[in-house]
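Visitor: Below is one structure. I have some questions about it.
The values are calculated or read from the model by the stated rules, or taken from the named source; none is laboratory data. Note that the coordinates shown come from a computational prediction; the quantities given were computed from them, not determined experimentally. Positions of Cβ are generated from backbone atoms using ideal geometry, with glycine treated the same way; all protein chains shown enter the neighbour counts.
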Amino acid sequence: MDMNSDEFVTDLLTQAEDLKLSGEYQQAIELLQKIILEEPACFEAYEEIGDNYLSLRQLDRAQKALEQAIKIHPKSANAHYLLGFLYSQQQKWLASVEMLQKADDLSPNHPEILRCLGWSVYNQNRRSQQGVALLERSQNLSPEDPNILCDLGVCYMNSSQWQQARNLFEKVIALSPDSEQAHECRRFLHVLRQRQRGTSEQ
C-alpha cells in the first residue's frame, strides 16, 4: 500500500466511523466498499462493514463480511468478537463461545469481549457459574458499563439473587436514567419477586 493509498484508506475509515456513530449505517457501508475496491485486502473495512450490517440487523451480510475479515487476518480480535456477538444474536451459543474465546485469547481482559463471552457461556451452559464469573470479571474492568451491569443483573435475577440484581439495575438507572433496558429489567424483577412471594404464601 503506497502513501497516497494509505491516506485514502485512513480518511475513508474515519469518515465511515463518523457515519456509523451518527446511525448512517448504509452510507458508511458504501464508503467502506470504496476502500475494498481500492484495497481488497483491507480487513478493517470488512470488519466495519460487518459491524454496520449488524446494526442494520442484516446478519447474513454481516457474517459474510466478518468471515472475509478473518480470512484476510486470522488474528483479528475485533472480527472474532463481532462474529461471536452475531452468533449470540442468533442464539447459536456454542459457535458464539468459540468465536468469543478466540477474541479473548487475542485480546485478553477486554471488558466488552468478556461481557459477550460471559453471556454466551451463561446461556450455552444453562446458567453456569462460569458465565457469571466472566461477567463479574468484565464488571471489575469496566464498573460503570450499563450493558455489563444489566447482563450481570439478569444472571443474578435468574438465580434469585434479588438484591444483587436490583442493586445493579438501580446503578444503571442512576448512571443512565433513560436506559429502557434497566427500567424493563427492574420491572421484570419486581414481577418475579411478587410471584415468588405469592407462591410461598400458598
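Visitor: Go through (1) outside any helix (DSSP H, G or I); (2) over 19 Å from the mean Cα position of the chain (by Cα); (3) without any contact (Cβ under 8 Å) to a residue 12 or more places away in the chain one by one and return the number of the condition residue 108 breaks.
Guide: (2)
Visitor: Looking at 129, 91, 164 in this structure, which one is closer than 25 Å to residue 79 by Cβ and out of contact with any His (no Cβ under 9 Å at 6 or more places or on another chain)?
Guide: Within the list 129, 91, 164, the selection yields 91.
Visitor: Looking only at the stretch 111-119, decide whether some residue is of a type outside the set (Phe, Trp, Tyr), in a loop (DSSP other than H, G, I, E, B) and not assigned by TED's automatic domain parsing to the domain that holds residue 164.
Guide: no
Visitor: In the stretch 80-102, is there at least one residue being of a type in the set (Ser, Thr, Tyr) and closer than 22 Å to residue 179 by Cα?
Guide: Taking the stretch 80-102 and keeping what is of a type in the set (Ser, Thr, Tyr), we get 81, 87-88, 96.
Checking the rest, the ones that are also closer than 22 Å to residue 179 by Cα come to 88.
Yes, that holds for at least one residue.
Visitor: Would you please list the contacts, defined by Cβ atoms under 6 Å and residues six or more apart or on different chains, that run from a residue in the stretch 66-95 that is within 14 Å of residue 107 (Cα to Cα) and at pLDDT 95 or above to a residue that is in a helix (DSSP H, G or I) and of a type in the set (Lys, Arg)?
Guide: Listed by first residue and then by second, the contacts come to 80/102.
Visitor: While we're on this one: Does residue 45 count as surrounded by fewer than 24 Cβ atoms within 10 Å (Cβ to Cβ) and small (Gly, Ala, Ser)?
Guide: no
Visitor: Right, residue 160: in contact with a helix residue (DSSP H, G or I) (Cβ under 7 Å, 6 or more places away or on another chain) and either in a helix (DSSP H, G or I) or among the hydroxyl-bearing types (Ser, Thr, Tyr) (or both) or not?
Guide: no
Visitor: Still on this model: Does the stretch 112-127 contain any residue that is surrounded by fewer than 22 Cβ atoms within 10 Å (Cβ to Cβ), modelled with pLDDT of 95 or more and within 22 Å of residue 144 (Cα to Cα)?
Guide: Scanning the stretch 112-127, I find at least one residue that is surrounded by fewer than 22 Cβ atoms within 10 Å (Cβ to Cβ), modelled with pLDDT of 95 or more and within 22 Å of residue 144 (Cα to Cα), so the answer is yes.
Visitor: Considering (1) surrounded by fewer than 18 Cβ atoms within 10 Å (Cβ to Cβ); (2) touching a Phe, Trp or Tyr at 6+ places or on another chain (Cβ under 6 Å), say which one residue 68 fails and leave the rest.
Guide: (1)
Visitor: Additional query: Please find, among 160, 142, the residue that is at pLDDT below 95 and either over 23 Å from residue 195 (Cα atoms) or surrounded by fewer than 20 Cβ atoms within 10 Å (Cβ to Cβ) (or both).
Guide: One residue alone meets the criteria, 160.
Visitor: Do the conditions hold for residue 127, that is, is it out of contact with any strand residue (DSSP E or B) (no Cβ under 8 Å at 6 or more places or on another chain) and in a loop (DSSP other than H, G, I, E, B)?
Guide: Values: out of contact with any strand residue (DSSP E or B) (no Cβ under 8 Å at 6 or more places or on another chain): yes; in a loop (DSSP other than H, G, I, E, B): yes.
So residue 127 passes the test.
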